[in-house]
1. Would you mind ranking PHE318, PHE56 by Cβ crowding within 10 Å, fewest neighbours first?
2. Pairs of lysine in segment 8-372 with Cα under 27 Å and at least 8 positions apart or on different chains: total?
3. Counting other C-beta atoms within 10 Å, which of LYS357, LYS149 has the fewest, and how do the rest follow?
4. Run the helix sum for the chain: -39,500 (n - 2.57) per DSSP H stretch of 4+ residues, divided by residue count, reported at 222 nm to the nearest 500 deg cm²/dmol.
5. How do LEU61, LEU205 rank when sorted from fewest to most other Cβ atoms within 10 Å of their own Cβ?
6. Just how far, in whole angstrom, is segment 310-376 from segment 267-293 if you go by their alpha carbon centroids?
7. Just to be sure I understand the model, the point goes 7 Å from the Cα along the line to the Cβ. What's the resulting GLU38 to ARG23 distance in nm?
8. Using the basic label-point model (7 angstrom from Cα toward the beta carbon), what is the GLU313 to ASP121 distance in nanometres?
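Only the coordinates and a few stated rules stand behind these numbers; no lab work does. Source: prediction; values computed, not measured. Counting neighbours? That spans all protein chains shown, and the Cβs are built from the backbone with ideal geometry, glycine included.
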Amino acid sequence: MKNGYRVFDADTHVSPAAEVLERYVDPGFRPRLAELAEYRRDSGDGRHHYSFGRKFYRRVLGEAEPRTDFSGRGGQWRGGKQPRPGVQDDQAENRVKDMDDEGTDIHFLIPGSFMSLVGLDDPAFEVGLIRAYHRHMADFCGQFPNRLKSLIVASTRDVEAAVREIREWGNSNWAVAVKPLMPFDIPPDHPDLDPIWRAAQEHDLPIAHHSSTWNPPYYPAYRDVWDNIFVGRMASHPWGAMRFVASFVGGGIMDRYPRLRMGVLECGFGWLPFWARRMDEQAVYVGGTAPLKHKPSEYMTSGRFFCSIERQEGEDMFNTVTGYLGDDVLMYASDYPHSECQFPNSVDNIIAWQSLKGETKKKLFWDNAARFFKQT
């Protein structure tokens, strides 16, 4: 709690080491780890992580050729101090100490690079590590069950496996959302994915979208940014979210599953009014959607759509978006412990937004996330 506000951070990250995930793999999958040896990267701390297909953005704008020593990876650290060791890995106690420093009550944890195995031809690899991740989260979050929550990763290339994972973990204390792991060529509206949405609704689990910049599943148009991270990073998350929202809403999923909630994380929020209005127009002008019971924008103001904020978009942008969509949509998020966060001052920097009334801040810091994520 900070200054009288409970704080639910809707976008934080974990990236468990290969050594951690390997503790939790199915015995029957363990022999296949040898096939993943070439994707086991050195983390620089004596451990390794699984990563496939990492894209480096080597070219600086204005220069003809890429630089061999530039990628923009990691960015400039924006916080006041570094997080404690192991907070993305297996040191839950250190993570909660950092939360106490910031005044954060709950962290929602989003997994990292091992999901890039979706780029491999055989979905068994992603499913094997997804299952290991879920077991790890049961232990990691289980140390602080009222403070740490995460998501069920649903492989859209193996829908039966995804549904089994939702049914296995859907009533657990730690699992409060479902993240569909989408390869480049499967749209969210494809009817083959309906069993995932149905299982999520049955377990009161919302669908959480979070795009990727560096690894598969790449964001749309990742090859069309001229090998430049400035253009790529600006385009990646917002465009990935725009496409996901348009497909999910336009595909009629929220009509077929009327209790299902969906939200986008770490994708910016200033684009929401523009996209809502543009979807309304294009649904009439060119069509191409499923039969919808409402205008696309009305799904975004229905109480079933949510989006996390990014501090750098600012107080004025927050007020603009809430002016269009109301104050029941946006959720506080820090991106901890990535370099974009401002640890340990992320909460303080939003509290400093003076134009927000107390009830609006309460919704931003807690109420909206509490309505989006499953309560356990």
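1. Fewest-to-most ranking of PHE318, PHE56: PHE56, PHE318.
2. Count of close lysine pairs: 20.
3. LYS357, LYS149
4. Result for the chain, helices only: -10000 deg cm²/dmol.
5. Sorted ascending by nearby Cβ count, the order is LEU61, LEU205.
6. Spelled out, the Cα-based centre of one part sits 24 Å from the other.
7. Once both label points are built, they end up 3.0 nm from each other.
8. Here the modelled spin labels are 4.1 nm apart.
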